[in-house]
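J.: Take a look at the following structure, please.
The values are calculated or read from the model by the stated rules, or taken from the named source; none is laboratory data. Remember, it's a predicted structure, so these values are computed and weren't measured experimentally. Glycine gets a Cβ as well: all are built from the backbone with ideal geometry, and neighbour counts include every protein chain shown.
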Amino acid sequence: MDEKPAADWVRRWDVQQERYVADREERFTVLIDVVEHVCRDVAEPLVLDLGCGPGSLATRLARRLPHARVVGVDNDPFLLALARATRPEHADIEYVQADLAEDGRLTGQVIDAAVSTTALHWLRPDRLAVVYRELAVALRPGGALVNGDHLYDEQPAIRDLAKAVKDRRAARAGVEANEDWKSWWAGSRPIPRCGRSSPRPSWAAARPATATGSARRSTPGCCGTRASRRWRRCGSPATTTSWRRCASRLGCGP
Ligand SMILES: C[S@@+](CC[C@H](N)C(=O)[O-])C[C@H]1O[C@@H](n2cnc3c(N)ncnc32)[C@H](O)[C@@H]1O
C-alpha cells in the first residue's frame, strides 16, 4: 500500500478511536512515560505492542524512544499493512501478524516492556490469562506490562457513573460525533485486502456472538480490579493504575 493513502486511513483511524477514548493522546503519552522510566537503564529496550492495530502507539513510542526496538503484534492483515506503510523512516519497528488468542505467541525472547491500548479486552478471560502467563515469563525482572484499556468497575452503579462521565467528557472534547468504527471499516472496504477476502475485520469476526457492548463491559477481562488481580496471580509482584479518566485506565505492573 502507498504511504499517502495509508497515512490518511491511519489519521482517520485515530479520529475514530478518539470517539471512544477522548483522552487517547494523553493516555499514549503517560503510557510512554512509564515505558521510558522502566527502560531507563537499558541501551536498546525491546517493547512489544499487543494488538497494535495500524501502529498509532508503536509510532509514538519509536518517536519518543528512538533507541527502542518496537514489535507490534496484531492479527489483522489490513491494519498491519497500514502500519507498515506508515512506519516512520529510521524507526526500529517490526510488525508481526499473530493471534494473541493462540498459545506461545509471546515466548522466546526477553522483553523489557509490553504495552497495549484498547485491545486486550477483545480476548476471552481464559486467553487473557494465557497472555499474562506468557508475559510473566518473557518480561525481564524490572520490566512491565502497561495496558491502557476500558477497565470497568465491578459495581454496576459505578460503571454507569463512569459511562455518564465519559459521555460528558466526549461531548466537551467534541469527539462524540467522530466517525465510528463501523463506518471506518465500511469506508475501507473497497481497498484491496492483502489477499484477505473477508471485508470484515478478522478480530470483529472472531468476537463471541454474545458479546454486545454492554456484555463485553461486564466480562472479567474488562474489569479493572479483576484484570490486575489476574495479572498478579500470573506472576506480577505489584500492579497500579498510573492514569485514569473514568473507565479509561492505564494499568501497569512489573
Ligand atoms: C480497538 S483496536 C486498537 C488498536 C490500537 N492498539 C490502537 O489503540 O489504535 C483493537 C486491536 O486489537 C487487535 N486484536 C483483537 N484481537 C486480537 C487477537 N486475538 N490477536 C491479535 N490482535 C488482536 C485488533 O486487530 C485491533 O487492531
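J.: In region 115-124, is there at least one residue being in contact with a Ser or Thr (Cβ under 7 Å, 6 or more places away or on another chain) and either within 14 Å of the ligand (Cβ to nearest atom) or closer than 19 Å to Leu31 by Cα (or both)?
T.: Looking only at region 115-124, we keep the residues that are in contact with a Ser or Thr (Cβ under 7 Å, 6 or more places away or on another chain), and these are none.
Within region 115-124, none of the residues are in contact with a Ser or Thr (Cβ under 7 Å, 6 or more places away or on another chain) and either within 14 Å of the ligand (Cβ to nearest atom) or closer than 19 Å to Leu31 by Cα (or both).
J.: Now, a different point. What is the residue count in region 139-161 for residues that are surrounded by fewer than 22 Cβ atoms within 10 Å (Cβ to Cβ) and outside any strand (DSSP E or B)?
T.: Result for region 139-161: 9.
J.: Determine if region 125-138 includes at least one residue that is assigned to a helix (DSSP H, G or I), touching a residue at least 60 places away in the same chain (Cβ under 8 Å) and touching a Pro at 6+ places or on another chain (Cβ under 8 Å).
T.: The answer is yes; a qualifying residue exists.
J.: Looking at region 71-112 only, could you name the residues that are modelled with pLDDT under 90, on the phi > 0 side of the Ramachandran plot and away from the ligand (no atom under 15 Å from the Cβ)?
T.: Residues of region 71-112 that are modelled with pLDDT under 90, as a first pass: 101-109.
Those still in the list that are on the phi > 0 side of the Ramachandran plot too: 104, 108.
The answer is Gly108, and nothing else.
J.: Quick check: anything in region 82-104 among the small types (Gly, Ala, Ser), crowded, with 17+ Cβ neighbours inside 10 Å and within 17 Å of Leu151 (Cα to Cα)?
T.: No, that holds for no residue.
J.: Hey, another quick one. Which of the residues belonging to region 3-13 are surrounded by 15 or more Cβ atoms within 10 Å (Cβ to Cβ) and within 14 Å of the ligand (Cβ to nearest atom)?
T.: Correct list: Trp9, Val10, Arg12, Trp13.
J.: Does Leu80 satisfy being closer than 16 Å to Asp14 by Cα and of a type outside the set (Ser, Thr, Tyr)? Even if it seems obvious, please write down each step before you answer.
T.: Values: closer than 16 Å to Asp14 by Cα: yes; of a type outside the set (Ser, Thr, Tyr): yes.
So Leu80 passes the test.
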